[in-house]
1. Provide the descending list of Cα extents for the range 1-69 along its principal axes, expressed in whole angstroms.
2. List the lysines whose Cα sits under 23 Å from the Cα of Lys259, skipping any in the same chain fewer than 8 residues away.
3. Between the range 288-332 and the range 117-190, what is the C-alpha centre distance in whole Å?
4. Take peptides 260-270, 37-47 and line them up by average Cβ neighbours within 10 Å, highest first, as a rough protection proxy.
5. With the radius of gyration and the Kirkwood radius both derived from the Cα set of the chain, what is their ratio Rg to Rh?
6. Quick one: what do you get for the range 160-290 if you divide its Cα Rg by 2.2 N^0.38 Å?
7. Quick one: grab the alpha carbon gyration tensor of the range 32-190, order the square roots of its eigenvalues as a ≥ b ≥ c, and give me rounded if a/c is under 1.5, else prolate or oblate depending on whether a/b is larger than b/c.
8. Cross-link partners among aspartates and glutamates for Lys121, C-alpha distance below 13 Å, same-chain residues fewer than 8 apart left out?
Amino acid sequence: MTTVAAYAAPAAKAPLERTTIERRPVGEHDVLIEIKFAGICHSDIHQAREGWGEAMFPMVPGHEIAGIVTEAGSGVTRFAVGDRVGVGCMVDSCRACENCEAGLEQYCLKGNVGTYNALDKNGEPTYGGYSEKIVVDENFVVRIPDGLALDVAAPLLCAGITTYSPLRHWNAGPGKKVAVLGMGGLGHMGVKIAHALGAEVTVLSQSLRKKDDGLKLGADRYYATSDPKTFEDLRGSFDLILSTVSAPLDLNVFLSLLKTDGAFVNVGAPEEPVSINLFSVIAGRKTLAGSGIGGIRETQEMLDFCAEHGLGAEIELISASEINDAYERVLSSDVRYRFVIDTATI
Ligand code: NAP
Ligand code: ZN
Ligand code: ZN
């Protein structure tokens, strides 16, 4: 076992504080990663505050991990010491069910093992990226291409793949009108990726405060959802709406913005349920769908795509002592557009 410094929430809703945790010895198929940067995802906050239900404490959040391999087990074939690597939201799965076989480990029928707030196959709690080092099976590690700096690459491990996967699945591309709802960590990557895929991109944000940024990141149009005129102007406009909103929404009004056969794809994970009038999907043969992160193979594909198109996250680099303040800013939609922890400060 190796003792490493980390930032943890000792209990639900308690501020995060510096502590130490144990990492398992490097097994045959494991790599030891020196973490350089860890992004702060809104999911970290939902879980650290038990917004999604009972959680495990102490909790070391962080599933947007970028670092360097410093040790490789004897059976490791894909990575070597010195490699630039990333770890996202999961560190294991059953590897045998039909979803795992199809490269959809995130939908493992036995449940994937989360990077934190989960138990691994040996029943030990997992601890995430707000720490100095992590030991991960090489099959759940991806390569960060040389063209991407590690700090702006870290958020791609969740925000990048969570938007890339549905944009690809629902064929965002030339001739398609795509709206990205909410321009935070996921949303801003959704704008960049949808634009790089060739779609016509509209941002639907609560206000026009971030309009200049949205247009710079690749949006063609930018509307405020606080303005009722937005819903009149954009009625029946979109092939695809990707919702990254972290709070409950009135889905009926957003479904009215879809074309016939359009799809509203939700990736936001609000803490409260939402209700829907089913006539909102009956009229216009619309699809209401959801999507969760992406498989390991697709995560690698996304990183290669982002490197090829020069897409990193827009980040605010912070020290570990600023994590609690950053959480408050994320909760008030005051993030531009991802906080990334410099783990050297832990
Ligand atoms: P974030 O940075 O806080 O972005 C969320 C954005 O939603 C905000 O910037 C804001 O955008 C908008 N928003 C927030 N509150 C709102 C409200 N009350 N009404 C309308 N819009 C609101 O969060 P994130 O890290 O991108 O994560 C977004 C959500 O996705 C979270 O719930 C997270 O847990 C979830 N998530 C899901 C997956 C998955 O696999 N499906 C993966 C990662 C994260 P504007 O300021 O532009 O309005
Ligand atoms: Zn996340
Ligand atoms: Zn499985």
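The values are calculated or read from the model by the stated rules, or taken from the named source; none is laboratory data. What you see is a predicted model, and the numbers here were worked out from it, not measured in a lab. Here the Cβ positions follow ideal geometry from the backbone for every residue, glycine too, while neighbour counts run over all protein chains shown. Each accessible area value is taken on the protein alone, full model and side chains, heavy atoms only, with ligands, DNA and RNA left out. Shrake-Rupley method; radii C 1.70, N 1.55, O 1.52, S 1.80 Å.
1. Projected onto the principal axes, the Cα atoms of the range 1-69 cover 36, 21, 21 Å.
2. By straight Cα distance, Lys259 reaches Lys176, Lys177, Lys192, Lys229, Lys286.
3. Computed from Cα coordinates, the inter-centre distance equals 6 Å.
4. 37-47, 260-270
5. Working: Rg = 19.7 Å, Rh = 20.3 Å.
Reported Rg/Rh, Kirkwood definition of Rh: 0.97.
6. Details: Rg = 13.2 Å, N = 131, 2.2 N^0.38 = 14.0 Å.
Cα Rg divided by the expected 2.2 N^0.38 Å: 0.94.
7. Details: a/c = 1.37, a/b = 1.23, b/c = 1.11.
It comes out rounded by the Cα gyration axes.
8. Asp92, Asp137
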